[in-house]
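Undergrad: I'd like to ask some things about the structure below.
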Amino acid sequence: MSEDVLCVLEKELMVRGGRWVAEFRESERNHKLGDLTFDVCLRGGTRPKGLFLSRILSYFVLPNYQVACYIMKIPSSNVISPDFLRKRLLRIRERAKEEEFKWNWLFLVTEDEPSAKVTRMIEEGRGEEGILLYNHRSKSLFYSRNLLGKRMKACLKL
Amino acid sequence: MTEKVSPIRFFDVFKLFVVFLAVQMGATLVMPVAFYYIIRPYFLFFAIATSVLLAYIIYMRTQHFELSYDDAGFSLKRGRTVETHRWKEFHNVLLVRTDGDFLVRLQDGESVNLPVSKLKLDPFSFRMKTLGFVEWGGRGIDRS
């Protein structure tokens, strides 16, 4: 898998559709979270900056949440299991508590078609975090059916 | 091999030009009438020419960025101030967006920002390049 997939995702989140979900202002590669390393970690907030009027509007209308999105390349979707997800989500929750990230996403990137079992596992993720699985080869995106998962799916054009 | 990037941001020069032109136009309002009648035939030409010149000089002295880099380090020049660092001084590379502009932020205690949007570089690919330099530098390999 080339680096390009991660660049495409970063661009999509920082510059294009992702901006409808949150304003991702910072991107870090090879981000360490405990014993785990995520390929990309994006951080930002829900209050976009803009010119005078949009700044006033966003100040009064939008909530001021800190957000984070963790992207991880995985060699195959077969590695995804309840334990695999639980471990990553636990680390993300710990970091969210430390740094007061209100919204968090776990974005998994793979090149093979996930099995029905894996797809169901992703879609049934009803925790607070949005979970997404992107198949780079077929360009299909599976997402958790919670608010964050659905919102991210609706805004990304991959 | 050292690479050098120093694009002129014409829109920034234009903004300064407009400011200087407006100041000169405004000056005519407080100018003695007799003096104004003397310079009137040449005023517009004079005002435009001096505004272009002043805008270019002020831009080059205060706002122009020039980045020179090779695989050992980089030198960032803003106007007359120059900052030189080696890649191995840093261990963390962030891509940061501030009000539409992208910066590559190099961190290790202190942080240095490379204004990639102002240098008209592709922020995503330049960040990957920088990451490569910092990783090489971090391993203590001096390839200079």
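The numbers here are math on the coordinates, done by the rules we state, and not lab data. All of these numbers come straight from a predicted model, not from anything done at the bench. Cβ sites come from the backbone with ideal geometry, for glycine too, and all protein chains shown count toward neighbours.
Undergrad: Based on Cβ point charges of +1 for Lys and Arg and -1 for Asp and Glu, what charge dipole magnitude is obtained for region B:87-138 about its Cα centre, in debye rounded to the nearest 20?
TA: It works out to roughly 180 debye.
Undergrad: Ignoring solvent entirely, what values of log10 I(q)/I(0) come out of the Debye formula for region B:3-63 at 0.13 Å⁻¹ when each Cα is a single scatterer?
TA: Taken in order of the listed q values, log10 I(q)/I(0) reads -0.42.
Undergrad: While we're on this one: Just how large is the dipole of chain A about the Cα centre, in debye to the nearest 20, putting +1 at every Lys and Arg Cβ and -1 at every Asp and Glu Cβ?
TA: 520
Undergrad: Output the Kirkwood hydrodynamic radius of the protein assembly as shown, Cα pairs only, in Å rounded to one decimal.
TA: 22.5
Undergrad: Quick one: of A:LYS157/B:LYS118; B:LYS88/B:LYS118; B:LYS15/B:LYS129; A:LYS102/B:LYS15; A:LYS102/B:LYS129; B:LYS15/B:LYS120, which pairs are farther than 30 Å apart, Cα to Cα?
TA: The answer is B:LYS15/B:LYS129; A:LYS102/B:LYS15; A:LYS102/B:LYS129.
Undergrad: Where in chain B are the helices, taken as whole DSSP H runs, whose Cα atoms extend 30 angstrom or more along the long axis and whose Kyte-Doolittle mean reaches at least 1.0?
TA: Once both thresholds are applied, what remains is B:10-30, B:33-58.
Undergrad: Another question, if that's okay. What ranking of B:ASP70, A:ASP4 emerges when the number of other C-beta atoms within 10 Å of each C-beta is taken as an exposure proxy, fewest first?
TA: A:ASP4, B:ASP70
Undergrad: Mind checking which of B:PHE45, B:PHE17, B:PHE90 has the largest fluctuation in a GNM of chain B, springs on alpha carbons under 10 Å?
TA: Checking each option, the largest mean-square fluctuation is seen for B:PHE45.
Undergrad: Now for a different question. What ranking of A:MET72, B:MET60, A:MET14 emerges when the number of other C-beta atoms within 10 Å of each C-beta is taken as an exposure proxy, fewest first?
TA: B:MET60, A:MET72, A:MET14
Undergrad: Using bins 10 angstrom wide from zero, how does P(r) for region B:28-68 break down, in % of all Cα pairs?
TA: 25, 33, 23, 13, 5, 0
Undergrad: Based only on the alpha carbon positions, what is the Kirkwood hydrodynamic radius of chain A, in angstrom?
TA: Value: 15.9 Å, from the Cα pair sum.
Undergrad: Next up: Exposure proxy check: A:THR110, A:THR37 ranked by fewest other beta carbons within 10 Å? Numbers along the way, then the final one.
TA: Values: A:THR110 23, A:THR37 12.
Sorted ascending by nearby Cβ count, the order is A:THR37, A:THR110.
Undergrad: Now for a separate question. Under a plain spin-label model, where a point goes 7 Å from the Cα along Cα-to-Cβ, how far apart in nm are B:MET128 and B:ASP108?
TA: 2.4
Undergrad: Along the Cα-to-C-beta direction of A:LEU90, a point sits 7 Å from the Cα; which residues of region A:104-135 have their amide N less than 18 Å from that point?
TA: A:106, A:126-129, by backbone N distance to the label point.
Undergrad: Can you list which of the chymotrypsin sites (Phe, Trp or Tyr not before Pro) found in region A:1-96 are DSSP loop residues with at most 14 other C-beta atoms within 10 Å?
TA: Those satisfying the criteria are A:TYR65.
Undergrad: Okay, next question. Go through region A:59-121 and name the GluC sites (Glu not before Pro) that are in a DSSP coil and have 14 or fewer other Cβ atoms within 10 Å of their Cβ.
TA: Within region A:59-121, the qualifying GluC sites (Glu not before Pro) (loop, at most 14 other Cβ atoms within 10 Å) are A:GLU100.
Undergrad: Say the dipole of the protein assembly as shown comes from +1 at the beta carbon of Lys and Arg and -1 at that of Asp and Glu; which of A:GLY44, A:CYS69, B:THR28 then lies farthest toward its positive end?
TA: About the Cα centre, the residue reaching furthest to the positive side is B:THR28.
Undergrad: Moving on to the next point. Per 5 Å bin, what percent of the C-alpha pairs of region B:64-116 does each bin hold, from zero upward?
TA: For region B:64-116, the binned pair fractions read 5, 19, 28, 28, 16, 4, 0 percent.
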